[in-house]
Amino acid sequence: MKKITIQEMPKHLGETVKIGAWLANKRSSGKIAFLQLRDGSGFVQGVVVKADDEDMFLTAKGLHQETSMYIIGEVTEDSRSSFGYELQVKGIEVIAEATDYPITPKEHGTEFLMDHRHLWLRSKKQHANMKVRNEVIRATYEFLNDRGFTKIDSPILTASSPEGTSELFHTKYFDQDAFLSQSGQLYLEAGAMALGNVFSFGPTFRAEKSKTRRHLIEFWMLEFEMAFVEQDESLEMQEQYLTYVVQSALKNCKLELEVLGRDLSKLEKIQGEFPRISYDDAITFLNEQGFDDIKWGDDFGSPHETAIANHYDLPVFIKNYPTAIKPFYMQAHPDRDDVVLCADLIAPEGYGEIIGGSERVWDYDLLKARIAEHGLDPEAYAWYLDLRKYGSVPHSGFGLGLERTVAWITGSEHVRETIPFPRLLNRIYP
Ligand code: 4AD
Ligand code: MG
């Protein structure tokens, strides 16, 4: 008999197959038991009829949640379920019992669920979140490979701090000081000068004392860096990329988005072009909307970002922030020295900034001055300055926060549900 996964069931309609599964839930009457089965690839209902086999029916009725088993059954159609198939059970072979599984189908508090994250991952919504996360990663690689990008793996242990020194995790590197990477960007810039269009995907670390639904201490970032590309061209790439990822999730994660109760109309309208406003206009807009807690020169807080993106009900680029509130590497505006050539992409519905990007300073002297102004150690950046010494070119790039993007696509309340094992301000367990 063929051993298959739940995901493969549609290809085996009418056949009797074997599936390794766990019991997610069950209900039964005197004559029939319905087993909610999961095998990691999906969820399916198994139907056990007493009249078919009384012993098997008794076994089914006695199964506890999360007991593992091999199930033999015939694949039939089931038009009432979204999956569209069910299993007419013909045999149950218990592998290992599970008693007193702590996460029952009833509601639990967040702290309890977070303490049991290693088990919580098995539940249907968390399973759906992980599948969407995987789809975003898969679609990203597909998008980039189709366009000839080369993946550059940047180091995790570094001596540089692209995003400012206040949020660094320090560690010892034998007898030297080192930091955990905040961003692979500076290394990607070296990569771009060697390989043209490059990207990286990896964990990044921010020792930010922020406890919001958007902040993780360890998060995964997708970074693009492109040689001979100016900021406006980079914005077009961001629009194409995000559209590709969202449309891929809609196409390939239908069941998961349904499990999560996502309003799909919000995603269907992501079709390639996002509004662009300047930082100056964003401040004016907010002041007109009655936000009197913000003035030119301030960074936006989450209520500000939410008000701007909700106004358009689309992701919005906010362009050209004040030089003083952005990192040292951003290219100066050609006509103004108070703003830089950058943009943050703000997602609607309160998800906040999902992409940060800019054109990079490519003039040697300006970059050297910026490094000094920011109080950075020029010796640690000598290699980065070298990139401006030998055939410097305009180049731009950006970083997309994977968890914030997945939270937006799935409609999750908090980024902690979009990463398998979140590291939060007060949590490093499990
Ligand atoms: O805006 P950030 O800090 O940009 C950079 O690191 C650039 N060096 C990227 C580049 O140009 N290559 O971070 C980029 C994105 C943010 O827009 C946000 O989505 C996400 O990373 N991010 C976080 N996500 C979760 N938790 C945090 N603490 C985050 N900090 C940033
Ligand atoms: Mg940013």
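The values are calculated or read from the model by the stated rules, or taken from the named source; none is laboratory data. This one's a predicted model, so the numbers in the text were calculated from it and none came from an experiment. When we count neighbours, we look across all protein chains shown, and the Cβ atoms used for this are built from the backbone with ideal geometry, even at glycine.
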Unique residue being within 27 Å of VAL415 (Cα to Cα) and either assigned by TED's automatic domain parsing to the domain that holds ILE19 or surrounded by 15 or more Cβ atoms within 10 Å (Cβ to Cβ) (or both) when the list is VAL136, VAL75: VAL136
Cβ pairs under 6 Å, 6+ apart, first in segment 31-52 and farther than 11 Å from GLU86 by Cβ, second part of a strand (DSSP E or B) and among the aromatic types (Phe, Trp, Tyr): ARG38/TRP22
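Checking the condition touching a residue at least 24 places away in the same chain (Cβ under 8 Å) and away from ligand 1 (no atom under 16 Å from the Cβ), which residue from LEU267, LEU235 passes?
On the way: LEU235 fails: away from ligand 1 (no atom under 16 Å from the Cβ).
That would be LEU267, the only listed residue that is touching a residue at least 24 places away in the same chain (Cβ under 8 Å) and away from ligand 1 (no atom under 16 Å from the Cβ).
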Residues being under 27 Å from LEU424 (Cβ atoms) and surrounded by fewer than 18 Cβ atoms within 10 Å (Cβ to Cβ): count how many of those fall in segment 139-154. 1
Does TYR351 satisfy the criteria of being of a type in the set (Ser, Thr, Tyr) and either surrounded by fewer than 21 Cβ atoms within 10 Å (Cβ to Cβ) or away from ligand 2 (no atom under 16 Å from the Cβ) (or both)? no
From the list SER248, SER302, SER278, which residue is within 15 Å of ligand 1 (Cβ to nearest atom) and hydroxyl-bearing (Ser, Thr, Tyr)? SER302
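Only one residue in ILE318, ILE346 is within 18 Å of the chain's Cα centre (by Cα) and within 15 Å of ligand 2 (Cβ to nearest atom). Which one?
Values: ILE318 fails: within 18 Å of the chain's Cα centre (by Cα).
After applying the criteria, what remains is ILE346.
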Scanning for something surrounded by fewer than 18 Cβ atoms within 10 Å (Cβ to Cβ), over 20 Å from ALA98 (Cα atoms) and among the charged types (D, E, K, R), does segment 14-28 turn up at least one residue? yes
Which residue pairs have Cβ atoms under 8 Å apart, sit 6 or more places apart or on different chains, and have a first residue in segment 368-379 that is over 22 Å from ASP177 (Cβ atoms) and a second that is assigned to a helix (DSSP H, G or I) and not hydroxyl-bearing (Ser, Thr, Tyr)? LYS368/LEU385
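Scanning for something in a helix (DSSP H, G or I), of a type outside the set (A, V, I, L, M, F, W, C) and loosely packed, with under 13 Cβ neighbours inside 10 Å, does segment 107-116 turn up at least one residue? I'd like the intermediate steps shown before the answer.
Just the residues of segment 107-116 that are in a helix (DSSP H, G or I), to begin with: 110-115.
The next check asks that each one be of a type outside the set (A, V, I, L, M, F, W, C); those that pass are 110-111, 115.
Filter once more, so that each one left must be loosely packed, with under 13 Cβ neighbours inside 10 Å: 110-111.
Yes, some residue in segment 107-116 is in a helix (DSSP H, G or I), of a type outside the set (A, V, I, L, M, F, W, C) and loosely packed, with under 13 Cβ neighbours inside 10 Å.
What do you reckon, is TYR187 touching a residue at least 12 places away in the same chain (Cβ under 8 Å), among the aromatic types (Phe, Trp, Tyr) and within 16 Å of ligand 1 (Cβ to nearest atom)? First the steps, then the outcome.
Working: touching a residue at least 12 places away in the same chain (Cβ under 8 Å): yes; among the aromatic types (Phe, Trp, Tyr): yes; within 16 Å of ligand 1 (Cβ to nearest atom): yes.
Judged against the criteria, TYR187 is a match.
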If VAL132 satisfies all but one of (1) in contact with a helix residue (DSSP H, G or I) (Cβ under 7 Å, 6 or more places away or on another chain); (2) modelled with pLDDT of 95 or more; (3) within 16 Å of ligand 2 (Cβ to nearest atom), what's the number of the condition it fails? (3)
Where a residue in segment 344-356 is without any contact (Cβ under 8 Å) to a residue 40 or more places away in the chain and its partner, wherever it lies, is more than 6 Å from ligand 1 (Cβ to nearest atom) and among the aliphatic types (A, V, I, L, M), with Cβ under 7 Å and at least six apart: ASP344/ILE318
Scan segment 383-430 for residues that are in a helix (DSSP H, G or I), farther than 14 Å from GLU218 by Cα and hydroxyl-bearing (Ser, Thr, Tyr) and jot them down. TYR384, THR405, THR410
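Taking helices (runs of 4 or more DSSP H) that fall entirely within segment 182-264, which contain at least 2 residues that are at pLDDT below 95, more than 14 Å from the chain's Cα centre (by Cα) and surrounded by fewer than 20 Cβ atoms within 10 Å (Cβ to Cβ)?
Correct list: empty, since no element meets the threshold.
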